[in-house]
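Data block below; observations after.
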Amino acid sequence: MKLHFPVEALWGAVRKMGASERDFSLDSVIQAPLPPISQKEEGIEVPLIEVDTPGGLLSYQGAQVVLYIPDHGKNVDAVLGDPGKGRRVHIADCITLEEMRQKNRFQRYRAVVNVTGDFDVFGFSRMRGGHVEGTARLQVCINCMKHLNYKGYVTDARRQNEIRRNFNLKDFFAEHSTLFRYLPTSFIEKKGGYSDDWKQVSDKFRASRHFTCDSCRLDLNAHKHLLHAHHVDGNKRNNQVANLMALCADCHRKQPLHDYMFIKARDMTLLQKLRKEQGILGAAADWSDLFELVDPPYNGLLRFYQKDGMARPEIGYELAGSRGDVVAEIEIAWPDAKFAVVGDEGAQKNVAALGWKAVTLEEALRGYRDRK
Ligand SMILES: [Zn+2]
Ligand SMILES: [Zn+2]
Ligand SMILES: [Zn+2]
């Protein structure tokens, strides 16, 4: 999904005001100072009504966050002993939060950019007869998993235990990075652990694979920086060819346990565009191919659509305007029915102006949430 600004009209208005044009690129937005939430490791207490819900996820000040209540009252001893007994961490705009919003819009939660899974908790200890603080590996809210149909949590119910067991926040943040303006870079550890000659090894290896992704077969000769060399066994010093894979940034982040593999919306849009041009998206022969290729925030919705018996959509569809210019890059589209799922309201308007019906990802997920 690409944001589409009616730039020409804007410049027209600017000229009328007698102002001059200045170069603008999205990079300047991304390199803007990080919002306070991204710099506060312990998080910020916020009223629920100030939390945004792009794509059915949770966002504060433009950054992806999770929400939880650190105060465990007299339960804190039990929670410090067994974090499974603690309050759940919300990762999405689930039914629990919706009910809370309706009952008490000003209920405060702690919003935090947490990729570690360790959460600050406190309460009254009966054992010690006073206030205690500690950290606990709190578990993620089941209703949030359901809301996103995360990895098929609803539509592939047999796998629920496995999906829950394998859940981790690093992967979750990485999978959803395309929906947010700010990546959680301030908490990213210095990338290290590679051998000294890693750059040469990587360059040589990727060249030997003709700068083509081993997974989706995308040819990235024209955009070599989006092709990574991946260590299959996770050991960054094991540079034997048998332990390396050439992967595009999207296939790379979909590898299990891929710490901090964030991808910008712009790069994902480019990858989908190239996949389209190279016939990779068109060749998707069944639903499982689509699940592999779609931008992960749309994965759960796509699985709902499959379960509902809908026809297979096109992924990464480019919608052209009357002059043949690309007006919107739509992540999920049914061109014959002129129906699209888009990332935000701006794209929704652009698509609707061409006679299409469009829902945002957020609306579509909410529709499934409230259907039951
Ligand atoms: Zn929840
Ligand atoms: Zn790939
Ligand atoms: Zn890797």
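Computed quantities for the displayed model
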quantity: Filtered residues of segment 154-172 (kept if in contact (Cβ under 8 Å) with a residue 40 or more places away in the chain and open to solvent by less than 70 Å² (accessible area, probe 1.4 Å)); calculated: Val154, Thr155, Asp156, Asn168, Leu169, Lys170, Asp171, Phe172
quantity: Of all residues making up segment 84-140, the number that are within 12 Å of ligand 1 (Cβ to nearest atom), closer than 18 Å to Ala63 by Cβ and surrounded by fewer than 16 Cβ atoms within 10 Å (Cβ to Cβ); calculated: 0
quantity: Check on Leu293, among the hydrophobic types (A, V, I, L, M, F, W, C), crowded, with 17+ Cβ neighbours inside 10 Å and at pLDDT 90 or above; calculated: no
quantity: Conditions (1) of a type in the set (Phe, Trp, Tyr); (2) at pLDDT 95 or above; (3) surrounded by fewer than 17 Cβ atoms within 10 Å (Cβ to Cβ); number of the one not met by Phe187; calculated: (2)
quantity: Filter result (part of a loop (DSSP other than H, G, I, E, B), surrounded by fewer than 21 Cβ atoms within 10 Å (Cβ to Cβ) and touching a residue at least 40 places away in the same chain (Cβ under 8 Å)) within segment 263-282; calculated: Lys264, Gln278
quantity: Members of segment 307-317 found to be part of a strand (DSSP E or B) and open to solvent by 60 Å² or more (accessible area, probe 1.4 Å), listed by number; calculated: Glu314
quantity: Boolean, Phe304 is among the hydrophobic types (A, V, I, L, M, F, W, C), away from ligand 3 (no atom under 16 Å from the Cβ) and either surrounded by fewer than 19 Cβ atoms within 10 Å (Cβ to Cβ) or in contact (Cβ under 8 Å) with a residue 60 or more places away in the chain (or both); calculated: yes
quantity: Which listed residue is touching a residue at least 40 places away in the same chain (Cβ under 8 Å), of a type outside the set (Asp, Glu) and either in contact with a helix residue (DSSP H, G or I) (Cβ under 6 Å, 6 or more places away or on another chain) or not assigned by TED's automatic domain parsing to the domain that holds Leu179 (or both), from Gly367, Gly316, Gly309; calculated: Gly316
quantity: Failed item in (1) within 16 Å of ligand 1 (Cβ to nearest atom); (2) without any contact (Cβ under 8 Å) to a residue 60 or more places away in the chain; (3) under 17 Å from Gln139 (Cα atoms), with Asp77 passing the rest; calculated: (1)
quantity: Index of the failed condition, Val327 passing every other in (1) in a strand (DSSP E or B); (2) within 24 Å of His176 (Cβ to Cβ); (3) of a type outside the set (Gly, Ala, Ser); calculated: (2)
quantity: Flag if Arg181 is at positive phi, among the basic types (Lys, Arg) and either more than 16 Å from ligand 1 (Cβ to nearest atom) or modelled with pLDDT of 95 or more (or both); calculated: no
quantity: Test for Ser202: is it crowded, with 16+ Cβ neighbours inside 10 Å, over 22 Å from the mean Cα position of the chain (by Cα), among the small types (Gly, Ala, Ser) and not assigned by TED's automatic domain parsing to the domain that holds Pro296; calculated: yes
quantity: Where a residue in segment 228-239 is open to solvent by less than 60 Å² (accessible area, probe 1.4 Å) and its partner, wherever it lies, is at pLDDT below 85 and within 8 Å of ligand 3 (Cβ to nearest atom), with Cβ under 7 Å and at least six apart; calculated: His230/Gln255
quantity: Members of segment 60-78 that are farther than 12 Å from Tyr109 by Cα and either within 16 Å of ligand 3 (Cβ to nearest atom) or crowded, with 21+ Cβ neighbours inside 10 Å (or both); calculated: Ala63, Gln64, His72, Val76
quantity: Helices (runs of 4 or more DSSP H) contained entirely in segment 138-233, each with at least 2 residues that are under 22 Å from Leu247 (Cβ atoms); calculated: 169-175, 198-208
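The values are calculated or read from the model by the stated rules, or taken from the named source; none is laboratory data. A quick note: this is a predicted structure, and the numbers were derived from the prediction, not measured. Neighbour counts run over all protein chains shown; Cβ positions are idealised from the backbone, glycine included. Keep in mind that these areas ignore ligands, DNA and RNA; they rest on the heavy atoms of the full protein, side chains included. Shrake-Rupley method; radii C 1.70, N 1.55, O 1.52, S 1.80 Å.
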